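Since the structure comes first, as structure tokens, the remarks are kept for the end.
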Amino acid sequence: NLALVTFIYVLLSRKMHNLTLLLRTIMLPDDREACIKSSVGMLVTIAGFYCTSFVVEEMDMSNLMSVWVVSVVCGTLLYQSVMDSTWATYREAVKAAKKALEVDLGESDDYNTTTSESELVTSNAEEKETAVSRFCPPLIGAMIVLVLGLIWNGFAVTGASSIGLLPSTCDAFVNNGSWIPIDGCNEASRGMAHRENQVSSFGMCLPHGNSHIWAWEKQPSYTHCRFGYRDEMQVKKVLNNRRIVFIGDSETRNLHYASLRIMGVTGSGAYDATLPKHQDTTTILWGTTLVVFKWAPLAVDQLAILKEINDNAGEGNTQPDLIFLGGGAWDRLHVYATDEDRQSHAATLKELSAEMLRSQQQNAAVVWFIPTTINSPALNTEEKRDHMREEDMEAMRAVYAKNGVLRASSFVLDGPTFTASRVSESFDGVHYPPQVYDAGAQILTNALDWLLPPNEAEPVIIPPEIGKMSNPMLGFLMLILVAIGLFAFDGFLGFTYLASAFVKGLKPHELHRQVLRSSKKSGHEVPVPEANGLLRSRLKKAKARKRAPKANKSGNLDSEIAALIGR
């Protein structure tokens, strides 16, 4: 492979070198006037193409078809301009070449006898050739550009790309996933537990004791749907300076808690029987993001709250960036017994769908949460077992879809997708452990890539308070170090004195005094090279005698360095 690649590389390099020399000769000829004319023409052509691309981009027409049309039109004009300016010269050059060739072949005498007839035939042939050459190359070039454009567009659409925000087409795949059991009793986990937690063995392994991890199905690379775990920092980039409103029942509240846990509010939604459940909550994150939960178990409650939000936004108030709605279980349990209740509920759902569309028109992303799978045997009341079984909730989900709730949503979070395989863990038939709702929150945070476009507002930077990072003790220690350097004449904060423990007479303050005395005695500063030379010679003699040298009065501060490096 190396030999083949090297051969191809060398061959192509030589061809490219020859083509480069040929193009340089054509585009920049030796004739100064022609060279200037060619250079100006290239600059004008490039500027024209830049202006054309700028106009196309400003008109929001930068698609494959418009690029092809512009390339063909501009290329044809460029080709025609080159032909009009060079064809006459080229034709004369061809005639001269033919005559020279015929002279070399010794046929000039026969040729001169029929000059007029030959020139007439040649002229007619050249005119026909010119007409053909003016149409064929542009057509061939247009076809080549079209084919290359289709090939490159195919690569761009079906091929992988750089990792960025998920496109809106990922809406069809983000709910597709499953729970993967993780066995902690393998050798790697045992070794890690032994090293980090000092345990010798595990007491629970598959299938009795295990954990599950939510995982998305693998998607083709051309979809650009690279789903993954989102942490607080990633979610903060999307939700900074945003307003999020959760409206719904207890299942929606649990999704609200799971979302807060991703946003860094640890312990959110922890089991606490002393806290009130059916109430609104407000959380401010990072000083800029407002997260609100509004208790609305019934469809009429959700309709009233959403209508109020839309009316307030119409009056000039700030519209939430994201509205998360969910419900259906309470409606099936309390207001779905008679035909009149069903008709009233259907009418409410239609109004709710209209309000959801109205919210989208006001630039708010609307998410609908389909109720999770019901664990019918675990329902803890007779009323729930009669009206809220999984079969009943499946019919209720169809009612919501029939009345346009799903169509009116910007995104639909499918609850049964991430709860059907964990239905046995629903302790009361309706609710699940927190980690199950964490999977739903991860699906939601991945969908935020296309639900909430990047926020153009600059983040609010809160400067730290003056003195927040101060430490009086450390400041006092710095003053001590500075004092040592000043009063001990030691730029290394006193560590140079360690050298004086091995070589006498090399203390920085003593050397400084000797330099000052020598300078005053001689009336000028001691040359540095001379002082260093004397000190080096004394150190060399002292090393030979295995004794320390005496300090030279003509030394200077560089003697300290000489002592440290042993020169």
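The values are calculated or read from the model by the stated rules, or taken from the named source; none is laboratory data. These figures come from a predicted structure and were not determined experimentally. Here Cβ is always computed from backbone atoms with ideal geometry, including for glycine, and neighbour counts include all displayed protein chains. Only protein heavy atoms, including side chains, enter the accessible area calculation; ligands, DNA and RNA are left aside. Shrake-Rupley method; radii C 1.70, N 1.55, O 1.52, S 1.80 Å.
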Check: Only one of (1) more than 26 Å from Ile26 (Cβ to Cβ); (2) surrounded by 11 or more Cβ atoms within 10 Å (Cβ to Cβ); (3) modelled with pLDDT of 75 or more is not met by Tyr111, so which one is it?
Finding: (3)
Next item on the list: Give the residues of region 54-66 that are assigned to a helix (DSSP H, G or I) and either charged (D, E, K, R) or closer than 20 Å to Leu150 by Cβ (or both), sorted by residue number.
Entry: Val56, Glu57, Glu58, Leu64, Met65, Ser66
Checklist line | Long-range neighbours under 9 Å by Cβ, at least six apart or interchain, first residue touching a residue at least 60 places away in the same chain (Cβ under 8 Å) and on the phi > 0 side of the Ramachandran plot within region 239-267, second part of a strand (DSSP E or B) and open to solvent by 10 Å² or more (accessible area, probe 1.4 Å) | finding: Gly248/Lys294; Gly248/Trp295
Check: Which of the residues belonging to region 413-422 are more than 14 Å from Gly328 (Cα to Cα) and surrounded by fewer than 19 Cβ atoms within 10 Å (Cβ to Cβ)?
Finding: Ala420, Ser421
Notebook entry, point to check: Is at least one residue of region 17-38 hydroxyl-bearing (Ser, Thr, Tyr), closer than 20 Å to Ile144 by Cβ and surrounded by 11 or more Cβ atoms within 10 Å (Cβ to Cβ)?
Noted result: no
Check: Tell me, which residue of region 370-387 that is in contact (Cβ under 8 Å) with a residue 12 or more places away in the chain and of a type in the set (D, E, K, R) is nearest to Thr419 (Cα to Cα)?
Finding: Lys384
Note to self: Could you go through region 404-411 and let me know if any residue there is outside any helix (DSSP H, G or I), open to solvent by 60 Å² or more (accessible area, probe 1.4 Å), basic (Lys, Arg) and within 24 Å of Ala304 (Cβ to Cβ).
What the structure shows: yes
Next item on the list: Tell me which of these Ala447 doesn't satisfy, since it passes every other one: (1) of a type in the set (Gly, Ala, Ser); (2) more than 28 Å from Lys236 (Cβ to Cβ); (3) at pLDDT 85 or above.
Entry: (2)
Note to self: I'd like to check something: does region 212-226 contain any residue that is surrounded by 12 or more Cβ atoms within 10 Å (Cβ to Cβ) and more than 27 Å from the chain's Cα centre (by Cα)?
What the structure shows: yes
Item checked: Every pair of residues 6+ apart whose Cβ atoms lie under 7 Å, when the first sits in region 9-25 and is without any contact (Cβ under 8 Å) to a residue 60 or more places away in the chain while the second is small (Gly, Ala, Ser) and open to solvent by less than 90 Å² (accessible area, probe 1.4 Å) -> none
Margin query: Let me spell it out: the conditions are (1) in contact with a Phe, Trp or Tyr (Cβ under 7 Å, 6 or more places away or on another chain); (2) part of a loop (DSSP other than H, G, I, E, B), and Phe369 meets all of them except one. Which number is the exception?
Written below: (2)
